Structure formats: structure tokens, C-alpha cells
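First comes the structure, then the notes that go with it.
The values are calculated or read from the model by the stated rules, or taken from the named source; none is laboratory data. Worth saying up front: this structure is predicted, and the values here are computed from it rather than measured. Here Cβ is always computed from backbone atoms with ideal geometry, including for glycine, and neighbour counts include all displayed protein chains. Just the protein is used for accessible areas: all its heavy atoms, side chains included, with ligands, DNA and RNA removed. Shrake-Rupley method; radii C 1.70, N 1.55, O 1.52, S 1.80 Å.
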Amino acid sequence: MTTRIVWLRRDLRLADNPALHRAAQSAERLLVLYIHAPDEDAPWTAGAASQWWLHHSLQALSRQLDDAGSQLVVRRGDSLDVIRQCLQATGANSVYWNRLYTPMARTRDRNIKDALRADGVEVRSFNAALLNEPWTVETKSGGPYRVFTPFWKSIREQVGAVPPCPTPALPPAPEIDTGSIDSLQLHPRLNWADGFGAHWTPGSAGAEQRLQRFLQHALDDYDEGRNRPDLDATSGLSPHLHFGEIGPRQVVAAVDAASSDDGRTRSAQQADKFLSEIAWREFAHHLLFHYPETLDQPLNPRFRGFEWAGRDTDLNAWQQGQTGIPIVDAGMRQLWQTGWMHNRVRMIVGSLLTKNLRHHWQTGARWFWDTLVDADLANNTLGWQWIAGCGADAAPYFRIFNPVSQGEKFDPKGHYVRRFVPELSKLPDRHIHAPWTAPDHLLRRAGVRIGKDYPQPIVDLKSSRQAALAAYDKIKG
Ligand SMILES: Cc1cc2nc3c(=O)[nH]c(=O)nc-3n(C[C@H](O)[C@H](O)[C@H](O)COP(=O)(O)OP(=O)(O)OC[C@H]3O[C@@H](n4cnc5c(N)ncnc54)[C@H](O)[C@@H]3O)c2cc1C
């Protein structure tokens, strides 16, 4: 009797899962295993919001596997030890998994592969997470890309070339204790994440619903809509993609089908824009694979000598959404309340933190890491280095976002600010993004005392901009 183990990690789905598919094709019994081994990701063990997601995602997967006549086995501990125990307990002699690309996972997986092969166990790995694995894309001179546009051009033609693989019929599971998801203790002890469930449905079914809603209601206006935090105009797929509840091949196939369905050219253009965002995710993985040091070093070496100068009090105000700058506070409160923040607002809050307040980009990256349900090492590192001006294809350091004009442009009626900063909700639209400039009688009428009901801005945007530029001059060379 052939018994195989499929070791799931960030591929928590049954559809388009090559490791599961291949193992199921040729096994008579199949053990589907998840191992919680937080130490193996150190110093980037999953943050609290991600753990909330993972807890619910594993529950959803477990139900799905039960329905498919199989079961999810969960364990906590050293991955190699657990796999060896499972091999012994079930008589299995092969282990299949889908590849991960962070430096820690690569080292761990390589060691496990070597150790199991030395034990005489068959080990096979597959690609479930990316359209193009990092080593398959290279510049004409044979190196990795550092600029997005040529990277995107080089992969554009092949996007959609590999179709998703089918959902397999699953052989029965071997006799083994399944373990309990609760015992992994992923659920945060604080009740802060209790509200996340109103915004998210972790698991493949939730991912599919998000995708369908996006295709029906938002794809057609994606290019303009995607910058508007006051609208529900992006897919919200990021946590689902991070945990592999849906894969990029499935997303591409669905987008291609939706945009060719009725021959709408507008839709095809919008689809192309959306796929280019999926390609940013690919680019982020490409960069982290080829430049693993960027987890804590700027890709642009000049920034190693940059004078970061952040103060703790500013950082607290930023984290708590109490900076006195409405669009920033709305973003930071959205993050705290929902575990997610709109991309445009991530850039605005990141610019304020790294430029006006001159906090190290890693300080922001760490806060996001703990509070985002979609926290992803590749995307987060790229995002923070991009906004700080020290990464690949980054916004130049001297481009410092003005949060007031950004708010006026992308949240023109102030709906987004009013939703997350309700103490400003009665201010007229024209003052909602800079309440400190509103005349006294309007502030009184809106019930806002600056400094009491809502903070004074913690930083003067003009002089802090000048100070940031002066600091940049010192490393510009
Ligand atoms: C400072 C900063 C930190 C960020 N940290 C993360 C992170 O930890 N995890 C994360 O998934 N994204 C991160 N992003 C990228 C981006 O903000 C999110 O992917 C996006 O907001 C997710 O919302 P969505 O799924 O509705 O996006 P959509 O607009 O619907 O895009 C579809 C998918 O494309 C990918 N994508 C879109 N934009 C980007 C981008 N700029 N970089 C990489 N991939 C992208 C995501 O997988 C996203 O789900 C960060 C951006 C910044 C500026």
C-alpha cells in the first residue's frame, strides 16, 4: 500500500495544488499534514494578525478535507522531527510539498530534503505560489531584475500559459491522531482581532467569493478605482494569496475568462492593469529570492548611512492613529480594526513615518508585520523599501507624499476619513483632510476642539519635509 505525506504550508487549498494533486494521483493513502513551527521562521515568525488568519484558515481547510473524505493532521514542533514521526506512524515513504521562497524557509526545506533523502524517503517539491519562480526570470545579461517595468514585460507573454491544475479526488487518510487546531494556540490572547471576522472569511471559499465579487463589481474600473480608499475597488485577495487559499494561476485564469467573455476591450485593459499588480507580487518574490539581505538591509547601499531620527512618542501616535493627520489616522485605524489597509494609504502612512518622522523603514515594516492579516515578507519588504526610497525601483527619496493633498485627491469627499475617524465626521468636506486649518466657527459647529477631541498634527509637514531632504542630501553623493 502506497502512503504519501503532503506537507502543506502556505498552500492551504485543494484546487490548483500541484503537490496534493501529484501525491493523490499515485497514493492509496494520503496524509495531509500542517506543522506549526514558529521558530523556523525566526526572526520573522508570523505576527498576531497573521496567526488569527491562519487559525481560521486551518479550520476552513480541515472542514473542506473532511467533506472530501480526507482529514487535516496538525502538529506543533520541529518540522523534520514531526515528518519523521508521521512517516514512521503511517508507513509512508514519500513527502510532497509546494515550495516557499523566504530565506528561512529555503534553508529549512533544503535541510529537510537532504535529511529525508538520506533516510531513503522520496521527496518532491512543486510550484504552487508563483506564476514564475524567481530563478526562471532573468535579464538579457543573465542577472536578476531590479526594475519592475522590464520585469513585467519579460513575463507578460507567459502569464496564463500554465493553467491551474485540477482538484484531486483524495485517497483515504491513514489511521493517525489528527491533533487539534486549537492546541496550536494561534488565536491572539487580546480581543483586538475579534472584529476581523466581520471583514474576512479565511479559507478557499472566502477567496473565491472575493474574486467573484471583484470580477463582477470592480474589475471594470480597476485602474482608476484602485487608488481610492473610499471605494471598495480592489480585490482584497492579499491575505488569501499569502496563505495560498487561492493561487495566482487561478486568479489569472478567472480574470482572463471574465475579460474575454464578452469581448469588452475596456475590461481587457483593466484586466491587464490588475495582472500587473499580481506581477508586483511576483517581482517582490523575485527580489527577496535574489537579494535575501534586503530583509534588514536597504537594496540601495547608500541608505546604510542614512540618519534616521524617529522619536518614540511620534511612533506611538502613528501606531495608534493619533497623528492629527486624518488620512494617516484613518489608515492606521483601518489596520488596527480590520487587519488590512488600502495600498494608497499604506504609501501615505509609510511616507509620513519614514520621511516626515524619519523613522527607520524597518520600524514600519515590523508594525505592519504584526498587524496585517496579509503580512508577507516579500511584499512588505518591497513596499517599505519602495516608500522609504531605498529599494528596487523605489519612489525617489525626495518624493515625499503630502498627506493632505493625497487625501483630497484620493478621498475627495472624506468618506474614508469619516469612517475611521468619526470624531471628524461633521467637518465639511473641504476641511476634512486638514482640520487644523478650518475656521473656528466651523470647528465649533462640527464639535471638534483641535488638541482635545482630535490631536494637533504631531509634525509640521513643511519643515519636516525640508529636514528630510537635508538628511537625504548628506547621502546623495
Ligand atoms: C508599505 C507597504 C507595505 C505592504 N505590505 C504588504 C504585505 O505585507 N503583504 C501584501 O500582500 N502586500 C503588501 N503591500 C502591497 C499592497 O498594499 C497590498 O498587496 C494590497 O493593498 C492588497 O490589497 P488587494 O488584495 O485589494 O490588492 P489588489 O489591488 O486587488 O491587487 C491584487 C493582488 O496583487 C498583489 N499586489 C497588489 N499591489 C502590490 C504591491 N504593491 N506589491 C506587491 N504585491 C501587490 C497582492 O497580492 C494583491 O492581493 C504593501 C504595500 C506597501 C506600500
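Points worth noting:
- Condition check for GLU277: in a helix (DSSP H, G or I), surrounded by fewer than 23 Cβ atoms within 10 Å (Cβ to Cβ), within 9 Å of the ligand (Cβ to nearest atom) and not β-branched (Val, Ile, Thr): yes
- One residue stands out in segment 314-349 among those that are farther than 28 Å from ALA233 by Cβ and in contact (Cβ under 8 Å) with a residue 12 or more places away in the chain: the one that is nearest to the chain's Cα centre (by Cα), namely LEU315.
- Residue selected from segment 342-351 under the condition farther than 22 Å from TRP200 by Cβ and open to solvent by less than 10 Å² (accessible area, probe 1.4 Å), by the criterion nearest to the ligand (Cβ to nearest atom): GLY350
- Where LEU382 falls short, out of the listed (1) open to solvent by 20 Å² or more (accessible area, probe 1.4 Å); (2) outside any loop (DSSP other than H, G, I, E, B); (3) more than 11 Å from the ligand (Cβ to nearest atom): (3)
- Identity of the residue in segment 131-162, modelled with pLDDT of 95 or more and in contact with a Lys or Arg (Cβ under 8 Å, 6 or more places away or on another chain), that ends up most open to solvent (accessible area, probe 1.4 Å): LEU131
- On the stretch given as segment 311-325, residues that are open to solvent by 10 Å² or more (accessible area, probe 1.4 Å) and part of a helix (DSSP H, G or I) total 8.
- Looking only at segment 393-419, and only at residues there that are open to solvent by less than 10 Å² (accessible area, probe 1.4 Å) and of a type outside the set (Ser, Thr, Tyr), the one that is nearest to ILE450 (Cα to Cα): VAL417
- Per-region count, segment 212-221, residues surrounded by fewer than 21 Cβ atoms within 10 Å (Cβ to Cβ) and either part of a loop (DSSP other than H, G, I, E, B) or within 13 Å of the ligand (Cβ to nearest atom) (or both): 4
- Of all the numbered requirements in (1) assigned to a loop (DSSP other than H, G, I, E, B); (2) open to solvent by less than 20 Å² (accessible area, probe 1.4 Å); (3) under 22 Å from THR167 (Cα atoms), TYR101 misses one, and that requirement is (3).
- Out of ASN300, ASN227, one residue alone is crowded, with 16+ Cβ neighbours inside 10 Å, modelled with pLDDT under 95 and either within 11 Å of the ligand (Cβ to nearest atom) or under 25 Å from ASP376 (Cα atoms) (or both). It is ASN300.
- Lone unmet requirement of (1) at pLDDT below 95; (2) under 16 Å from the mean Cα position of the chain (by Cα) for GLY244: (1)
- Only one of ILE35, ILE83 that is among the β-branched types (Val, Ile, Thr), within 24 Å of the chain's Cα centre (by Cα) and farther than 23 Å from GLU282 by Cα: ILE35
- Among the residues making up segment 366-403, those that are farther than 18 Å from TRP336 by Cα and in contact with a Leu (Cβ under 7 Å, 6 or more places away or on another chain) are LEU377, ALA378, THR381, LEU382, GLN385, CYS390, GLY391, ALA392, PHE398, ASN402, PRO403.
- Residue that is crowded, with 20+ Cβ neighbours inside 10 Å and over 11 Å from PRO326 (Cα atoms), where the choices are ILE458, ILE450: ILE458
- Criterion applied to PHE214, PHE196 was being out of contact with any His (no Cβ under 8 Å at 6 or more places or on another chain), closer than 29 Å to VAL82 by Cβ and of a type in the set (Phe, Trp, Tyr), and the one residue passing it is PHE196.
- Residues in segment 230-245 that are open to solvent by less than 30 Å² (accessible area, probe 1.4 Å) and more than 10 Å from the ligand (Cβ to nearest atom): PHE243, GLY244, GLU245.
- Whenever a residue of segment 232-248 is assigned to a helix (DSSP H, G or I), its partners that are within 7 Å of the ligand (Cβ to nearest atom), lying with C-beta atoms within less than 6 angstrom and at least six residues away or across chains, give the pairs SER238/ASP374; PRO239/ASP374; HIS242/ASP374; HIS242/ASP376; PRO248/ILE278.
- Pick from segment 352-379, criterion more than 8 Å from the ligand (Cβ to nearest atom) and hydrophobic (A, V, I, L, M, F, W, C), ranking: surrounded by the most Cβ atoms within 10 Å (Cβ to Cβ): LEU352
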